[in-house]
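Peer 1: Okay, here's the structure, questions in a sec.
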Amino acid sequence: MQRRKLFAVALAGVLAGGGLAACSDSPNANNNANNAKQAEFLSIGMPNGTVTENNNPFIGTSAGASLGYRWMIYEPLGQWNNTKPADPLTPWLASEIKWSADYKTVDLTIRDGATWSDGKPLTAEDVVYTYNLVKSNEALNIFAIPFDAITSEGNKVKITFKSSQFTTQHKVIGQIPIVPKHVWEKIADPATDPIKQPVGSGPYVLKSFSQQATILSVRESGYWQPLPKVKELRYTSYADNNAMSTALATGQAEWSFVFIPNYQQTFVAKDPEHYKVWAPGVLGIHGLYINTTQKPFDDPALRRAMNMVINRNDIFVQAEAGYFHPEIKSVTGLPEGAGDAYIADEFKGKTFSVDVEGAKKLLTESGYKLEGTTLKDKAGKAVSIKLSDPAPWSDYQTTLEIIKSNLAEIGIEAVVEKPNQNVWDANVQKGDFGGTMRWTNGGSTPFDIYQTVMDGDLMKPIGTAAQQGNFGRFQSPEATAALKAYSNATDETARKAALATIQKIFVEQAPMLPVGSDNVGGAYSTKNWVGWPSDADSYAPMQPTQAGALTVVLKLQPANS
């Protein structure tokens, strides 16, 4: 997603006063409903710190992306429900989506009656322009999609690709926002322009931007389907997880994707009738990325030893409150449930367990020496590593402290750093880090997990931003070839063989140390609005930064209607 994008991409910093206080005159206090009147707005929050006004739907660190409102203004051709990853996409701006058998061509029928918020019609020409814009601009082509020809005739669009898009079809159709040609062709640099006055096809327009509340109001007319019942969406970026959790518990916010320690006691118990948490799992994971360009961490034996001492159960219980990122047990890194069917025969039943003595033995056999409490590498230098994640992400910070303690048991000294999110994100993309907890992309197959970690086609030189993966600069031509073989395979037998190779490399070379599985959940309130997705009706992801959040908003109804 994008993830935390599958996890929400966050912007760091601290709001003045440590976050928005829970006061009656807050712009997010939904007093209409409290006075028995029908609610008219929905308050949405994210724990992202200070944000700057940026509504560019292609920039993953923009306010529109990190808070999620870009998907209320801009829409994709189809909606992908990643809680049911294998299901086909729901036609959206495209009324018909037809892929060729080899997934190298997609034929689209662009929906009649869709208009931009400035009143101009949305046409096939806009779709062709958008995809050519992405194709011609590497910074916008964040999924590294190998576009070939993009053409239109009437309301029909045909897109061809240089390779099969079996594993990326949901991204091609469901995660590229369509933009108006008549607006964007006048923009000098689409990759950096903040788009202060966004024009989109969605049901909402930007009304105002501020740190207290970025407000979107529903369009008056021209939307291609019935308008949502929610007249306004009010987005607030809170200082950190704690401030966000407090806002949820006091009713200041009604919807968020945030880690809540002791969530039953600190949130649900405050109003058991209305306060809910739903955290559906998906095919995406979180783990410790290792910078494989830094010695001695370029040695797979050292990375395997580190993998052997991480206490994943401690992390799940202490850092993730026993619910947020379920413990990864399979050595393949695949999450329980969603990933079970994809585990190669060689690794079925093989699970992680803490094995400090086994790790020491492996290190000794590989030429390392443990002198007292210090591990010395093959050159006699003490082994140390810098671990970093943004300070507001309390679950990741606790995870890093646990990992620091785990690594100390085999003589590795770890230092935990807490840069702000902008610095952290830039450093991770440029390869300027030792180790960092981060998510992978997620998809309809395990491909996205392994691609994010190991794909050589995503690798950039140190100092050059790698937007979508291989942040640790892992070099394995065999892994890259196997990923290509999997995505280009035309039958399940070939896919199974390629996946077995991918998993063997992941297990034996440990380019990333898997810790927990991903979810696209949310904490929410039914006091003012009902119709949220659930186990009984998982029609969309609950995470408000996902593209599918628009589907949620369109389904909501006033609680007292």
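Peer 1: Among (1) open to solvent by less than 40 Å² (accessible area, probe 1.4 Å); (2) part of a loop (DSSP other than H, G, I, E, B); (3) on the phi < 0 side of the Ramachandran plot; (4) modelled with pLDDT of 95 or more, there is one condition PRO419 misses while meeting the rest; what is its number?
Peer 2: Going through the list (1) open to solvent by less than 40 Å² (accessible area, probe 1.4 Å); (2) part of a loop (DSSP other than H, G, I, E, B); (3) on the phi < 0 side of the Ramachandran plot; (4) modelled with pLDDT of 95 or more, PRO419 breaks only (4).
Residue-by-condition table, conditions (1) more than 21 Å from the chain's Cα centre (by Cα); (2) part of a helix (DSSP H, G or I); (3) in contact (Cβ under 8 Å) with a residue 12 or more places away in the chain:
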| position | (1), (2), (3) |
| --- | --- |
| ILE159 | yes, no, yes |
| LYS171 | no, yes, yes |
| LYS207 | yes, no, yes |
| GLU220 | yes, no, no |
| TYR235 | no, no, yes |
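Peer 1: Only one of THR332, THR351, THR373, THR398 is open to solvent by 40 Å² or more (accessible area, probe 1.4 Å), closer than 30 Å to ALA497 by Cα and not aliphatic (A, V, I, L, M). Can you tell me which?
Peer 2: One residue alone meets the criteria, THR351.
Conditions tested, residue by residue: (1) in contact with a Phe, Trp or Tyr (Cβ under 7 Å, 6 or more places away or on another chain); (2) in contact (Cβ under 8 Å) with a residue 60 or more places away in the chain.
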site	(1), (2)
GLY411	no, no
GLN421	no, yes
ASP425	no, yes
GLY434	no, yes
PRO446	yes, yes
GLN468	yes, yes
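Peer 1: Output the residue which, of all residues in the stretch 29-54 that are crowded, with 24+ Cβ neighbours inside 10 Å, at negative phi and not aliphatic (A, V, I, L, M), is modelled with the lowest pLDDT.
Peer 2: That would be ASN48.
Peer 1: What are the residue pairs meeting all of these: first residue in the stretch 51-62, first residue farther than 11 Å from THR214 by Cβ, second residue of a type in the set (Phe, Trp, Tyr) and modelled with pLDDT under 95, Cβ atoms under 9 Å, and 6 or more apart or on different chains?
Peer 2: As it stands, the answer is none, since no pair meets every condition given.
Peer 1: I'm told THR130 meets every condition in (1) open to solvent by 60 Å² or more (accessible area, probe 1.4 Å); (2) under 28 Å from ASN488 (Cβ atoms); (3) of a type outside the set (A, V, I, L, M, F, W, C) except one. Can you identify the failing condition by its number?
Peer 2: Looking at each condition in turn, THR130 falls short on (1).
Peer 1: Being without any contact (Cβ under 8 Å) to a residue 24 or more places away in the chain and part of a helix (DSSP H, G or I) is true for just one of ASN307, ASN313. Which residue is that?
Peer 2: ASN313
Peer 1: Here is a follow-up. Determine if the stretch 270-292 includes at least one residue that is in a loop (DSSP other than H, G, I, E, B) and either closer than 29 Å to ALA359 by Cα or in contact with a Cys (Cβ under 9 Å, 6 or more places away or on another chain) (or both).
Peer 2: yes
Peer 1: State which residue is least open to solvent (accessible area, probe 1.4 Å) when the search covers only the stretch 272-314 and only residues that are touching a Gly at 6+ places or on another chain (Cβ under 8 Å), farther than 24 Å from THR83 by Cα and β-branched (Val, Ile, Thr).
Peer 2: The selected residue is ILE290.
Peer 1: Hey, ALA253 hits all of (1) crowded, with 19+ Cβ neighbours inside 10 Å; (2) not in a loop (DSSP other than H, G, I, E, B) but one; which does it fall short on?
Peer 2: Result: ALA253 fails condition (2) only.
Peer 1: Give, as residue ranges, the helices (runs of 4 or more DSSP H) completely inside the stretch 477-561 that count at least 1 residues that are among the aliphatic types (A, V, I, L, M) and more than 30 Å from TYR204 (Cα to Cα).
Peer 2: 477-488, 492-509
Peer 1: Right, here's the next one. Step by step: first the residues of the stretch 376-389, then only those that are closer than 18 Å to GLU401 by Cα and of a type outside the set (Ser, Thr, Tyr), then the one that is surrounded by the fewest Cβ atoms within 10 Å (Cβ to Cβ). Which residue is that?
Peer 2: LYS386
Peer 1: Something else: Could you tell me whether VAL423 is out of contact with any helix residue (DSSP H, G or I) (no Cβ under 9 Å at 6 or more places or on another chain) and of a type in the set (A, V, I, L, M)?
Peer 2: Criteria met by VAL423.
Okay, residues lined up against (1) acidic (Asp, Glu); (2) touching a Ser or Thr at 6+ places or on another chain (Cβ under 9 Å); (3) closer than 27 Å to ASP87 by Cβ; (4) open to solvent by less than 10 Å² (accessible area, probe 1.4 Å):
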{"site": "PRO477", "(1), (2), (3), (4)": "no, no, no, no"}
{"site": "ASP491", "(1), (2), (3), (4)": "yes, no, yes, no"}
{"site": "THR501", "(1), (2), (3), (4)": "no, no, no, no"}
{"site": "GLN509", "(1), (2), (3), (4)": "no, yes, no, no"}
{"site": "VAL520", "(1), (2), (3), (4)": "no, yes, yes, yes"}
{"site": "TYR524", "(1), (2), (3), (4)": "no, yes, yes, no"}
{"site": "PRO541", "(1), (2), (3), (4)": "no, yes, yes, yes"}
{"site": "GLN546", "(1), (2), (3), (4)": "no, no, yes, no"}
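Peer 1: While we're looking at this one, here's another question. Just one of ASP112, ASP118, ASP107 is modelled with pLDDT of 95 or more, open to solvent by 50 Å² or more (accessible area, probe 1.4 Å) and more than 29 Å from GLU232 (Cβ to Cβ); which is it?
Peer 2: Exactly one residue qualifies, and that residue is ASP107.
Peer 1: While we're here: Kindly indicate whether GLU75 is closer than 30 Å to ALA559 by Cβ and either modelled with pLDDT under 95 or open to solvent by less than 10 Å² (accessible area, probe 1.4 Å) (or both).
Peer 2: yes
Peer 1: Sticking with this structure for a sec: Would you call THR399 part of a helix (DSSP H, G or I) and closer than 18 Å to PRO514 by Cα?
Peer 2: yes
Peer 1: Kindly indicate whether LYS181 is open to solvent by 10 Å² or more (accessible area, probe 1.4 Å), modelled with pLDDT of 95 or more, out of contact with any Phe, Trp or Tyr (no Cβ under 7 Å at 6 or more places or on another chain) and not aliphatic (A, V, I, L, M).
Peer 2: no
Peer 1: Please pick out the residue among LYS171, LYS135 that is open to solvent by less than 40 Å² (accessible area, probe 1.4 Å), under 30 Å from ALA426 (Cα atoms) and basic (Lys, Arg).
Peer 2: Every option except LYS171 fails the conditions.
Peer 1: Evaluate the following for TYR263: is it open to solvent by 10 Å² or more (accessible area, probe 1.4 Å) and under 19 Å from VAL552 (Cβ atoms)?
Peer 2: no
Peer 1: Cβ-Cβ distance below 6 Å, separation of 6 or more or different chains: which pairs start in the stretch 98-112 with a residue that is free of Cβ contacts under 8 Å to residues at least 24 places away in the same chain and end on one that is in a strand (DSSP E or B)?
Peer 2: Pairs that qualify, where the first residue is free of Cβ contacts under 8 Å to residues at least 24 places away in the same chain and the partner is in a strand (DSSP E or B), are LYS98/ASP107.
Peer 1: For the stretch 526-539, enumerate the residues that are more than 21 Å from GLU40 (Cα to Cα) and open to solvent by less than 10 Å² (accessible area, probe 1.4 Å).
Peer 2: none
Peer 1: Tell me which residues, restricted to the stretch 335-354, are over 16 Å from GLU492 (Cα atoms), in contact with a helix residue (DSSP H, G or I) (Cβ under 7 Å, 6 or more places away or on another chain) and part of a loop (DSSP other than H, G, I, E, B).
Peer 2: PHE352, VAL354
Peer 1: Just checking: which of the strands (runs of 3 or more DSSP E) contained wholly in the stretch 88-155 hold 3 or more residues that are under 27 Å from the mean Cα position of the chain (by Cα)?
Peer 2: Because the criterion is at least 3 residues that are under 27 Å from the mean Cα position of the chain (by Cα), the strands (runs of 3 or more DSSP E) in the stretch 88-155 that meet it are 94-99, 105-110.
The values are calculated or read from the model by the stated rules, or taken from the named source; none is laboratory data. Predicted, not measured: the structure shown is a model, and the values here were computed from it. Using ideal geometry, Cβ is built from the backbone for each residue, glycine included, and neighbour counts are taken over all protein chains shown. For the accessible areas, the whole protein counts, side chains as well, though only heavy atoms, and no ligand, DNA or RNA atoms are used. Shrake-Rupley method; radii C 1.70, N 1.55, O 1.52, S 1.80 Å.
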